[in-house]
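Below you'll find the structure, written out as structure tokens, and then a few comments.
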Amino acid sequence: MPVFTFDQQDRAFVNRRSAGRWMFRLQIGVTPGKAVKGAWVALRDPEQPDSPPRLVPMSALPLEPAGQGGSSGVQLWEATAATPATSRWEYQFYVLIGDEPWWVGPEGHATLPAGSGGSQELPQVGWFSQEEEAQPLFPVIPWTQTTVFYQIFPDRFDNGDPSNDPPTVCSWDTPIRHGTSSQYYGGDFAGIRRRLPYLEELGINAIYLNPIFASGSSHGYDTIDFRRVDPRLGTLADFRQLLSEAHHRGIRIILDGVFNHVGRGFWAFQDVCRRGTASPYVDWFFIHSFPVRPDLGNYEGWWGLAELPKLNVAHLPVRRHLLEVVRYWTELGIDGWRLDVPNEVQASGFWEEFRQVVKSVNPLAYIVGEIWRVEREWLQGDKFDGLMNYPWGKDTLLPFFGGDRSWSPERVWDHLRHVLLSYPPQGVAMAFNVVDSHDTERMLTALGGGNLGEKPRAAAVNRMRALVTVQFTLPGVPVIYYGDERGMLGEKLDDWDAQRAPVPWDELDDQIFDWYKKLVWLRRNHPALRGARLELVYANNTNGVLAYRRPVPGHPELDLVVVTGARLEPVHFFLPLPEQPGGYVDLLRCHRYVSGARGVEISWSGPTALVLQAASTAANWIGCRGPGSGV
């Protein structure tokens, strides 16, 4: 008996791509020996139930190794179709498994009884009903598809104006200490402006700034006033100048929005501390008893921390205040928001209203939610554009390239595929692809490169180069955590945030920096690295090699195939790719690989990642031409 999986309420299965054009997906599980010969979406106008439905053919997504024919027994079939020109329409699925026709609808699935010869009435499984306007339009923001983000922790990036330093500022080379949230280095807007030429050289074209609002710490997540920039970073005029100069260079800026909690110095919380039950802001927080005692924390704080009182966002005045703040900064000209712990904001409908406010000011503003796990509800087109993609970067790529042999290529692909199929293509294309951040240890440290103050180990650098190649070639928007491109190390322990150390501007690993420059250029310019298309080419648990394709529909000569492995021992294999005149070229090294009847012959030693393109078109990319290039 086949198993059909479909959820009418999930955009990963039924998805409005544009007005009158919808995507449909059906997951089909079959028993060994059975094969799905075809699948169709049947569409009809409910006002004309006696008219024959229109059958739209579906295609199986290439998510299994070539030649295995769906080794897992589960296939995903997809179609995109123009829907009936009515405000409401209906659909069901028709699937041919072997010689058995199956119908799938809201009342279940059924086939014709054995021996019926098709003479009986068709099975009644019902029709899914869909209102055209029931799903909001969820467009991919065009600029995100040619963008690489750079995350900056402002206090630790560069001190460009000592006149705004706090009294307790330490020198730039002072070691990180415990309690680093009260340790100030003086990084500011002027410092970021001073380094814009450096960021241009790297090639990034968007910045994600950790909190810039007035706060009581160097990390800024304990807001005092959302309407003011922190004076240790500069003035509002300084921020406007940074925004203007960045935009002039083609660099966008998004801000960190922390709307779940504030700091003890927040103006409304201070009023409650002074006036108790007489304060008009008493319902802005979750107070357990009076008088309010910040030293005791007799109120709800984020994760029980007294220094971070939790906001009652369900309280209408709080909601209005936050949305006014959001409108103000969006109208100021920022390019979007990264939202801190949005899943902890206990206020029904708040994030939907947040999106409406932001998009009413700037329809092309990019909204990213900090969600650490796969949670489908956030990418239904009514809240966020993308999520911080820790499930791909931190949870999958780091252990694989870190040498954990339990992470086989097939296991890696299963995790990549899980994210790919859990969200609509728009959400995948706009995923915020982080590997590390201010909340984690640095990538190079996680890969065995050492701790802050040490020289990165060469083996870890090789692992890093392979990992970031995959990061930059998967669907989504790649993000560089400040200093990773320079080879910065940094461990994260209890009350020890070495991953937030200041940038040592007199130290640069040219090998890492140049590798990032190549990847940034490729990600921003190559058409294969846009959208959500991803196909599995090869996953071999024996030799530890994984390969996937980023296709360019209608232009297969521009397809990219990424081939990678994390094992230390030498590997020799044939990659099953079509034979090409002149073979294939690795765009990152300009090395040619010969293709033949057995595929593309490849040998390497140690963690590696190649980005292959047909040699006939490779000369247009990354300068793979001229003497010694192999092209």
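The values are calculated or read from the model by the stated rules, or taken from the named source; none is laboratory data. Since the model is a prediction, treat every value here as computed from it, not as a measurement. Counting neighbours? That spans all protein chains shown, and the Cβs are built from the backbone with ideal geometry, glycine included. Accessible surface areas use protein heavy atoms only, side chains included; no ligands, DNA or RNA. Shrake-Rupley method; radii C 1.70, N 1.55, O 1.52, S 1.80 Å.
Summary value for the stretch 343-397: 34 percent relative contact order, contacts being C-alpha pairs under 8 angstrom separated by 6+ residues.
The alpha carbon radius of gyration of the stretch 473-527, expressed as a multiple of 2.2 N^0.38 Å, is 1.36. Dipole of the chain computed with +1 at Lys/Arg Cβ and -1 at Asp/Glu Cβ about the Cα centre; of LEU63, ALA214, GLN499, farthest Cα towards the positive end is LEU63. If only the Cβ of Lys and Arg carry +1 and only the Cβ of Asp and Glu carry -1, the dipole of the stretch 418-556 around its Cα centre is close to 880 debye. Radius of gyration (Cα atoms) of the chain, expressed as a multiple of 2.2 N^0.38 Å: 1.05.
Placing a pseudo-label 7 Å from each Cα along the Cα-to-Cβ vector at GLN9 and TRP172 gives an inter-label distance of 5.4 nm.
Between GLU344 and TRP505, what FRET efficiency comes out of the Förster formula 1/(1 + (r/R0)^6) with R0 = 60 Å and r the beta carbon distance, rounded to 0.05? Computed FRET efficiency for TRP505 and GLU344 comes out at 0.95.
For the chain, the mean residue ellipticity at 222 nm estimated from helices alone is -6000 deg cm²/dmol, where every DSSP H run of n ≥ 4 contributes -39500 (n - 2.57) and the total is divided by all residues, rounded to the nearest 500.
Rounded to 0.05, the FRET efficiency of the ASN362 and ASP414 pair, given R0 = 30 Å and the Cβ-Cβ distance, is 0.20.
Compute the length gained on full extension between GLU245 and LEU421: take 0.36 nm times their separation in residues and subtract their Cα-Cα distance, giving the result in nm to one decimal.
59.4 nm
Of the residues GLY369, ALA446, GLN145, the one whose Cα sits farthest towards the positive end of the charge dipole of the chain is GLN145 (charges of +1 on Lys and Arg Cβ, -1 on Asp and Glu Cβ, taken about the Cα centre). Does the stretch 166-237 classify as rounded, prolate or oblate by the C-alpha gyration tensor (a ≥ b ≥ c root eigenvalues; a/c under 1.5 gives rounded; else a/b over b/c gives prolate, otherwise oblate)? Since a/c reaches 1.5 but b/c is at least a/b, the shape of the stretch 166-237 is classed as oblate. Positive contributions from Lys and Arg (+1) and negative ones from Asp and Glu (-1), summed over other residues with Cβ under 12 Å from the Cβ of ALA35, come out at 0.
Among the DSSP helices (H) of the chain, those spanning at least 15 angstrom by Cα along their long axis with an average Kyte-Doolittle hydropathy of -0.5 or more are 236-248, 316-332, 350-361, 409-422, 458-473; this is a geometric and hydropathy rule only. Once the 1.4 Å probe is applied to the protein heavy atoms, the stretch 290-427 comes out at 38 Å² accessible per residue. In this structure the amide hydrogen of TYR366, modeled in the peptide plane, comes within under 5 Å of the amide hydrogens of GLY336, TRP337, none closer than 5 places in sequence on its chain.
Solvent exposure of the stretch 192-273, expressed per residue, is 31 Å² of accessible area, with all protein chains present and a 1.4 angstrom probe. Note on THR617 and GLU324: the extension gain reaches 100.4 nm, defined as 0.36 nm multiplied by sequence separation minus the Cα-Cα distance.
Residues whose amide H lies under 5 Å from that of HIS261, counting only those 5 or more places away or on a different chain, are LEU311; hydrogens are built 1.01 Å from N in the peptide plane.
Residues whose amide H comes within less than 5 Å of that of ASP559, counting only those at least five positions distant or on another chain, are VAL552 (H built at 1.01 Å from N in the peptide plane).
Extension gain for the segment ARG293 to ALA314, taken as residue separation times 0.36 nm less the Cα-Cα distance, is 5.2 nm to one decimal. Modelled spin-label separation between GLU535 and ARG405, with each label point placed 7 Å from Cα along the Cα-to-Cβ direction: 3.4 nm.
Once you have a ≥ b ≥ c as the square roots of the Cα gyration tensor eigenvalues for the stretch 1-116, tell me rounded if a/c is under 1.5, and otherwise prolate or oblate according to whether a/b is larger than b/c. Here the stretch 1-116 falls in the oblate category.
Dipole magnitude for the chain: about 940 debye, using +1 per Lys or Arg Cβ and -1 per Asp or Glu Cβ, origin at the Cα centre. Is the stretch 321-397 rounded, prolate or oblate when judged by the Cα gyration tensor, a ≥ b ≥ c being the square roots of its eigenvalues, rounded requiring a/c under 1.5 and prolate requiring a/b larger than b/c? Since a/c reaches 1.5 and a/b is larger than b/c, the shape of the stretch 321-397 is classed as prolate.
Distance cut-off 27 Å, Cα to Cα: go down the list LYS394/LYS518; LYS492/LYS518; LYS455/LYS517 and report the pairs above it.
LYS492/LYS518
The share of Cα pairs per 5 Å bin across the stretch 531-613, counted from zero up to the longest distance, runs 3, 14, 26, 28, 18, 8, 2, 0 percent. The fraction of accessible area contributed by carbon and sulfur in the chain is 51 percent, rounded to a whole number (1.4 Å probe; ligands and nucleic acids excluded).
Extending 7 Å from Cα along the Cβ direction at VAL594 and again at LEU122 yields two label points whose distance is 5.6 nm. Here the dipole of the stretch 348-482 is about 500 debye; that uses its Cα centre as origin and unit charges on the Cβ of Lys and Arg (positive) and Asp and Glu (negative). With R₀ set to 22 Å, the beta-carbon distance separating LEU137 from GLU375 gives a calculated FRET efficiency near 0.50. With the cut-off at under 17 Å, measuring from each backbone N in the stretch 158-191 to a point 7 Å along the Cα-to-Cβ line of LEU493 picks out 175-181.
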